[in-house]
Structures are given as structure tokens and as C-alpha cells.
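> Pasting in a structure now, in C-alpha cells, and then I'll have a few things to ask.
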Amino acid sequence: MIVSVASGKGGTGKTTIAVNLAMALSGENIQLLDCDVEEPNAHLFLNPSMHGEHTVSMEVPRIDEEKCTHCGKCQEICQFNAIGILPNVALTFQELCHGCGGCFMVCPEEAVMSGLRTIGTVEEGRKGPVDFVHGRLRVGEAMAPPLIKKVRQYAVPEKLSIVDAPPGTSCPVIAALRGSDYVILVTEPTPFGLNDLKLAVGAVRTLRIPMGIVINRCDVGDRKVQEYASRENIPVLLEVPFDRHVAESYARGEVLVDGFPRWKEMMLQLFREIRSRMHVP
Amino acid sequence: MKELVVISGKGGTGKTSLLGAFAALGEEIIMCDADVDAADLHLLLKPEILESHEFRAGHQAVIDPDRCTQCGDCLARCRFDAISENFEVDPISCEGCGVCWHFCPSKAIDFPENLCGEWYYSKTRFGPMVHAQLGIAEENSGRLVTLVRQEARRRGEEQGKKLILTDGPPGIGCPVIASMGGASAVLVVSEPTVSGKHDLDRVAQLGDHFQIPVLVCVNKADLYWKASREIESLCKSRGYTFLGHLPFDPAFTQAQVEGKTIVEHQSGSAKEAVVDLWRRVHREIF
């Protein structure tokens, strides 16, 4: 079962919920997959011991000038302007390549050779009974989705996989959420929180995944998130009041369920809510 | 004309609240919301939309079942698993590469241009603003970021503005890269947490990568002074310009709830810190 933690707005507490949910449930068979590959943070709190690192690359074209006749067919098929054919020279802009393979297929001279662009790394670790995997996008690399999909491939069906998704609503979020059984949307009761929640709800609805809302710092703003949730018939799974001690503990990189018994109860309650809504016994 | 891009790596550190305050304090400015994925600046600046434009970018494959012979050529070629066994294209998975369309032996695939969102030119109480909304689950956010920045620059130049204030997206990927190129400086809004520090490190490296001057401030600094100081020394060792600390103050949230910037909302210490930060930012850019 895959439970993903997402939010439109950043900094609402996705990672806090993902990490603490994983640690609270650590009697079960748990995996934590940090799919925020642009800014992975879960390891800073979980402190797993890491035992594996794999480089992730994408297949990109290199042109064999010996064979290339500069016919221009590869440039023509490429929708991403990753190949430029001049009368006497073929240029590739590998950082623009999406890896569709069109240039390899279309070249009549077999002059397009396979090259690799490193997009990042996937690292594996473990904290007690919790299996941990995250991706780190190479700084300067634009395309997060292929790396996110790699991290997602580590999901084991027999386990409960908790996915920490990136913020926003566009392709990286979709790559992280696809195929989830349930999505927890973490928000805060502010105009920014509500606006971005609505966008995130739209994205999750596109994917047709059941979802519920966690309202973090539920006492700092207004009541409009609750009103929106009830109007849209989306369950509010948990409301977490602001607590300066908790904020400070988070700042230091601590696991909250260790220091605050109330957090352990809240996380167990959150999971019971999700289970009951998914009709899992 | 100069451009300041406000970014953070980590989301939720206060980029937009700060940018809204700078808009209130700046003169001869034009605003640009480059967080097209989850734009929020309009909630503070309440723009009156003067122009609305469609944003079209990229293409999408569509299989016509009447012409399709189900030969399987497209299925074998698609590297994005976007074509189902019954020969329908999943628009969310389709990357718009056009390989299936190009090679289809029955010419059964159409490849129309995508409507991915909208962009707007507006006026606000602090000056003109260019902003956008990317369609839900759409691709091409980087292209839309590039477009809103180009429009802000064009219109700013036409009107003799001196500065573009650009609200950037979180992260370090495609839309962030698109929001940084050619900027006069980036201001990284960090926070004194293990994650704030970690994410500042990565996004500032991106600034180095593109050779853009990196300015740094720490929001909510008094939440954990130890990390605030660590960020300050990280900046010193890396050659980033550290501009100061902002207090952890519920007034920022209250201002947001009222749809105001912090400098319009109150006259307390949070406002003073922001005004002071703006002075330093201004000095660095001009």
C-alpha cells in the first residue's frame, strides 16, 4: 500500500508528517520514499544509516560525425530543441533531451549513438525497522520526474510505503503521486495554504486517488480551509495546533514522536483514519 | 533594468510574504510571479487583470480509433508508457515527444498543440504585475516561467522601470532554473532549521552554477539561533552575501490573512526588520 504525503504549498509539514508517520508505525513493515528529489529532507530527521548509492542517468544522443550526413531528420523529430544540425556540424544539447529516443529511431545512417546524462543519485538506507530510499537531483539538472520515478520503483507491494512528495502541482508531483492508494494533503489555514490546497486537490482528482487533509498549525490563521474541505467533501484527518516547542524540535532535526508522546498518538490516529477510509481492516 | 529573483530551495520559508513587502517598499518596479505552479503573490497584491492570454506550449499525441489499425508500432516506441493496450494516449504520461505520431504507419495519430495555462498582465497598488497559472498537472512550467519573465522585462523596459521583483518557485529543478537565468541577483530566503540550511546549500550552488550573485537572509531566525548562525557562517565561507535575520512573528500570518503585506499591516519590529532588509537588498542590487 502506498500512502503519499503532498501539498501545493511548500513548508506546510509534508516531511514532518511523512517521517513521524513512518516512525510511529515502525512496528509495521514500513518504507519511507523521499520523492522530493530537488530538496530531499527526510533523511535529516530520520538519520538513517545509508548502505547503497546508485547513479541515475538518462539516455541522450551523441552524433557520430563520421557517419552523419547532416540530413537534419533528428533535428526535425526532436520536440525539445536538443539537436542542432548545421551544414557541416551536428550539435547536441544534452541537457534539453527528454530521452524519447526519436533521434535514434529516425536516423538513416545509424549515426546517433547512445550517451548518458547523469540526473542524480538514488540512495538507500535504514533506520530501525524503517527502510529508507531517496533521490538527489544533480544541482543544475532540470528534469526531476525520471529520478522520482526511479525512487518510486523501490516501493514493495507487501510493505506500507510512505511517499514524501515535492511541493507544487506539476509534473514532479504527478510523478511522485501516481499509483498511490491514498494521498494526505498537508496544508495550513492561511490564504496561501488554501489557494495551493485547491490546486493540489485538482491534481489528486486528475489522478483519481482518494485523499484527506491534515491542517498543520491549525490555530494560526482562519477557518477557510475547514470550510473548503467540508464544501468539497474531503475529510479533515487531523488538525495540529502550533506549538513553539515542536517548531524548535523540528528546527533541530528531531523526530517528534520520540520527544512528544502526543505526536505518536496523533500519527497513530491519522493512520487509523486513513485505514478506515480505505476500508482496510 | 535590474531583476531580483526571490527563491528558497525549501518551500514555505516566506518568499512571497517578503516579496510582497518589497513591492510595497520599492519604487519604479514591476512584479513577476514565476511560481506558476502554485502562485500566491496575487493574494497579497490583489491584481486587477488588464490582459489575459492563453499559454500554449508543446504538443500532445491523440490516437484516432477510426484510423488506428492497432499494429502496435506506437506502443513499442513510446518510452513514457503513455499508450495503453487499447491504444489510447494517457495525457498525463504523454511527454509530447511526437515519436508515435512521426512513425505511425497508418497516420492515425494527431499531434495538436497543448493549452497549458494562462498568463496575465495586471495592475496592482504597487505597480504592474505579470503572473500566470499553469494548468493542473501540466508540463512546461519552465517555459511558462521564461515567458512571464520575458513579458515582465519587456513591459518594465517600455515603462522605464528600474527593477523587476520576481517571486521564484521552490526547489532546484526546471522552473527554478528558468527563473534564475540572467537575473541581477537571487535572494535566498532561508530558515534556521536542518532542512532550511540543507536546501539553501543546494539552491545557492545552483546560483553558483549559473554565476548569479547569491544574497541570503534567514527568516524566523530566533526559532533556533544556532542554525541561523550556522547559515551565516556557511554564507561567509562560500562567498554569499548575508543580509540579515528576520524575526519569527505571527504578524506575517495575520497580514496574509488580511491580504496585506507586513509593512501595511503593522509598525512593529517585524516591519522594521523587513524595511531594513529591503535597504540592504537595494544597496546590493544598485
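> Out of B:S184, B:S190, B:S141, which single residue is in contact (Cβ under 8 Å) with a residue 60 or more places away in the chain, in the same structural domain as B:K226 (by TED's automatic domain parsing) and under 30 Å from B:I92 (Cβ atoms)?
B:S141
> Report whether or not B:S52 is over 30 Å from A:F192 (Cα atoms) and modelled with pLDDT of 95 or more. First the steps, then the outcome.
Working: over 30 Å from A:F192 (Cα atoms): no; modelled with pLDDT of 95 or more: yes.
Considered against the rule, which asks whether it is over 30 Å from A:F192 (Cα atoms) and modelled with pLDDT of 95 or more, B:S52 comes out as no.
> On the basis of being basic (K, R) and closer than 28 Å to B:A23 by Cα, does B:R79 make the cut?
no
> Looking only at strands (runs of 3 or more DSSP E) that fall completely inside the stretch A:46-113, which ones have 3 or more residues that are within 30 Å of A:V257 (Cβ to Cβ) and open to solvent by 80 Å² or more (accessible area, probe 1.4 Å)?
Passing ranges, in order: A:49-63.
> What is the one condition in (1) assigned to a loop (DSSP other than H, G, I, E, B); (2) at pLDDT below 95 that A:P40 does not satisfy?
Unmet condition: (2).
> What pairs can you find where one residue is in the stretch A:166-190 and more than 11 Å from every other protein chain (Cβ to nearest Cβ), the other is surrounded by 24 or more Cβ atoms within 10 Å (Cβ to Cβ) and among the basic types (K, R), and their Cβ atoms are less than 7 Å apart, with a gap of 6+ or different chains?
Note: no pairs meet the criteria.
> Follow-up question, since we're still on this one. With respect to the numbered conditions (1) away from chain B (no Cβ under 11 Å); (2) touching a residue at least 40 places away in the same chain (Cβ under 8 Å), which one is the sole condition not fulfilled by A:A200?
A:A200 satisfies all of (1) away from chain B (no Cβ under 11 Å); (2) touching a residue at least 40 places away in the same chain (Cβ under 8 Å) except (1).
> Report whether or not B:E48 is farther than 20 Å from A:G8 by Cβ and open to solvent by 10 Å² or more (accessible area, probe 1.4 Å).
Criteria met by B:E48.
> Report, ordered by the first and then the second residue, all pairs with beta carbons closer than 7 Å, sequence separation of six or more or different chains, a first member in the stretch A:1-17 that is farther than 17 Å from A:L256 by Cα, and a second member that is surrounded by 24 or more Cβ atoms within 10 Å (Cβ to Cβ) and aromatic (F, W, Y).
Every condition considered, the pairs that remain are A:K9/A:F192.
> Within the stretch B:201-254, restricting attention to residues that are touching an Asp or Glu at 6+ places or on another chain (Cβ under 7 Å), within 12 Å of another protein chain (Cβ to nearest Cβ) and of a type outside the set (F, W, Y), which residue is surrounded by the most Cβ atoms within 10 Å (Cβ to Cβ)?
B:V218
> Would you call A:E53 under 23 Å from A:A142 (Cα atoms) and either away from chain B (no Cβ under 14 Å) or of a type in the set (S, T, Y) (or both)?
So A:E53 fits the description; yes.
> List the strands (runs of 3 or more DSSP E) inside the stretch B:61-168, counting only whole elements, that have at least 2 residues being more than 14 Å from chain A (Cβ to nearest Cβ) and open to solvent by 30 Å² or more (accessible area, probe 1.4 Å).
On the way: elements: B:113-124, B:127-134, B:163-167.
In the stretch B:61-168, B:113-124 are the strands (runs of 3 or more DSSP E) which contain 2 or more residues that are more than 14 Å from chain A (Cβ to nearest Cβ) and open to solvent by 30 Å² or more (accessible area, probe 1.4 Å).
> Return yes or no: is B:E27 part of a loop (DSSP other than H, G, I, E, B), within 30 Å of B:K220 (Cβ to Cβ), open to solvent by 20 Å² or more (accessible area, probe 1.4 Å) and more than 14 Å from every other protein chain (Cβ to nearest Cβ)?
So B:E27 fits the description; yes.
> Being over 16 Å from B:T253 (Cβ atoms) and touching a Gly at 6+ places or on another chain (Cβ under 9 Å) is the filter; apply it to the stretch A:203-228 and report the residue that is nearest to the other protein chains (Cβ to nearest Cβ).
Ranking the qualifying residues of the stretch A:203-228, first place goes to A:A203.
> Out of all the residues in the stretch A:211-258, which are buried (at least 16 other Cβ atoms within 10 Å of the Cβ), assigned to a helix (DSSP H, G or I) and in contact (Cβ under 8 Å) with a residue 40 or more places away in the chain?
A:Y250, A:L256, A:V257 - these are the residues of the stretch A:211-258 that are buried (at least 16 other Cβ atoms within 10 Å of the Cβ), assigned to a helix (DSSP H, G or I) and in contact (Cβ under 8 Å) with a residue 40 or more places away in the chain.
> State which residue is nearest to B:P169 (Cα to Cα) when the search covers only the stretch A:186-210 and only residues that are of a type in the set (A, V, I, L, M, F, W, C) and open to solvent by less than 20 Å² (accessible area, probe 1.4 Å).
Ranking the candidates gives A:F192 first.
The values are calculated or read from the model by the stated rules, or taken from the named source; none is laboratory data. From a predicted model like this one, the values you see are computed outputs, not experimental measurements. With ideal geometry, Cβ positions are generated from the backbone for all residues, glycine too; neighbour counts draw on all protein chains shown. Heads up: the accessible areas ignore ligands, DNA and RNA and are worked out on the full protein's heavy atoms, side chains in. Shrake-Rupley method; radii C 1.70, N 1.55, O 1.52, S 1.80 Å.
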